[in-house]
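Working notes, beginning with the structure itself.
The values are calculated or read from the model by the stated rules, or taken from the named source; none is laboratory data. Keep in mind it's a predicted model, so treat the numbers as computed, not measured. Here the Cβ is made from the backbone with ideal geometry for all residues, glycine too, and neighbour counts use every protein chain on show. Protein only, heavy atoms only, side chains kept; ligands, DNA and RNA dropped before computing areas. Shrake-Rupley method; radii C 1.70, N 1.55, O 1.52, S 1.80 Å.
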There are 2 protein chains.
Amino acid sequence: MRIGEAAERSGVSAKMIRHYEGLGLLPRAARRDNNYRDYDERDVAVLQFIRRARDLGFSLDEAGVLLSLWRDRGRSSAKVKRLAEQHIADLDRRIAEMRSMADTLRGLASACRGDQRPECPILADLAGARAKH
Amino acid sequence: MRIGEAAERSGVSAKMIRHYEGLGLLPRAARRDNNYRDYDERDVAVLQFIRRARDLGFSLDEAGVLLSLWRDRGRSSAKVKRLAEQHIADLDRRIAEMRSMADTLRGLASACRGDQRPECPILADLAGARAKH
DNA sequence: CCTACGGCTTCCCATCATGGGAAGGTCAAG
DNA sequence: CTTGACCTTCCCATGATGGGAAGCCGTAGG
């Protein structure tokens, strides 16, 4: 099949498929006589694998590592699990950061009247007047 | 003061101060005879304002809007509050996304033995075999 | 007086993942 | 034979940040 169909079936855009190939994340695709890339079911499965890894927040580099582990029949599941746990820890760290931001903002916004007057604890906080607690 | 001191006092790197000026987020800095940029306390306060906005997750564009509202004495706090609430909603959406990723991964990782054997539900999931629930 | 050093200047490049779009080749249907 | 939907490669943009080169400025120490 051509790249458009592979894209549709995998959920990875044609643009990205070419890009992944350029990065070396995918092997160079087979070509037809007309120089069009040619894909089969296994290629689509690989693309779906990458797509799913991206959906779970893994970077392309990490997706590449997972892919090579997937292909390695003699792999130890310990390596996969370690990678997953590191990624979970990273997600948790970023979640905590963002929660802290959101909570701070919620506190400031709730103290802000939000009317036509200029007084605003949000701007006051940004300007350096830290809240009184 | 020179850019190095302004950077240290504001917590914004010299590199970024120049960049913000290039973006038009900051007015062009005053220059000394030797062409060095020259900053005063008010400049540092503006930089701190931007820094704080960034710390709360606002984009540079949003920081620019907040900055102009801060400078506008006749502003209505409603505009500030609306911007903050949109940002909170955006943070909450991203947090929910990441929590969903982390929770899925936690489920898969807990089902993975993590030993020297190749069986691994994490890879099985990525490969398209969706979990049984 | 020369040199070394630290600070500054501009400019270009890299990151990460993705998309937009131009210029041009290929192929099937009308 | 044209049209239109594909495909190709190549360049550029995003957003925020940093790295580093080449070169200027100014002071302190020999």
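Details
- Dipole moment magnitude, nearest 20 debye, the protein assembly as shown about Cα centre, only Lys, Arg, Asp, Glu C-beta charged: 20 debye
- Kirkwood's formula applied to the C-alpha pairs of chain B gives a hydrodynamic radius of 18.7 angstrom.
- Lysine pairs meeting the criterion (Cα under 29 Å, 8 or more apart or interchain), as found in the protein assembly as shown: 4
- Accessible solvent surface per residue of region B:3-126, calculated while the other protein chains remain in place, 1.4 angstrom probe, Å²: 56 Å²
- Alpha carbon centroid spacing (whole Å) that separates region B:53-100 from region B:5-19: 22 Å
- For A:Arg42, the point set 7 Å out from Cα toward Cβ sits 6.9 nm from its twins in the other copies, listed from shortest up.
- Extension gain for B:Ala89-B:Met1 works out to 27.8 nm (0.36 nm per residue, less the C-alpha to C-alpha distance).
- Overall, chain A carries a charge dipole of about 200 debye about its Cα centre when +1 sits on the Cβ of Lys and Arg and -1 on the Cβ of Asp and Glu, all other atoms neutral.
- Spin-label model distance (nm) - B:Arg31 vs B:Arg54, 7 Å beyond Cα toward Cβ: 2.4 nm
- When you filter the trypsin sites (Lys or Arg not before Pro) in region B:23-115 for DSSP loop state and at most 10 other Cβ atoms inside 10 Å of their Cβ, you are left with B:Arg28, B:Arg32, B:Arg73.
- 7 Å along Cα→Cβ, label-point gaps from B:Lys15 to other copies, nm, shortest first: 2.7
- For A:Glu85, inter-copy label distances in nm, listed shortest first [label point 7 Å out on the Cα-Cβ vector]: 4.4
- Rolling a 1.4 Å probe over the protein heavy atoms of chain B, with every protein chain left in place, gives an accessible area that is 47 percent carbon and sulfur.
- Using distinct alpha-carbon pairs, which all enter the 1/r mean, Kirkwood radius of region A:1-74 in Å: 12.5 Å
- Cα-based Rg and Dmax for the protein assembly as shown, where Dmax is the largest Cα-Cα distance (Å): 24.9, 72
- Nearest-to-axis residue of chain A, judged by beta-carbon position, where the axis maps A onto B, in Å: A:Ile95, 3
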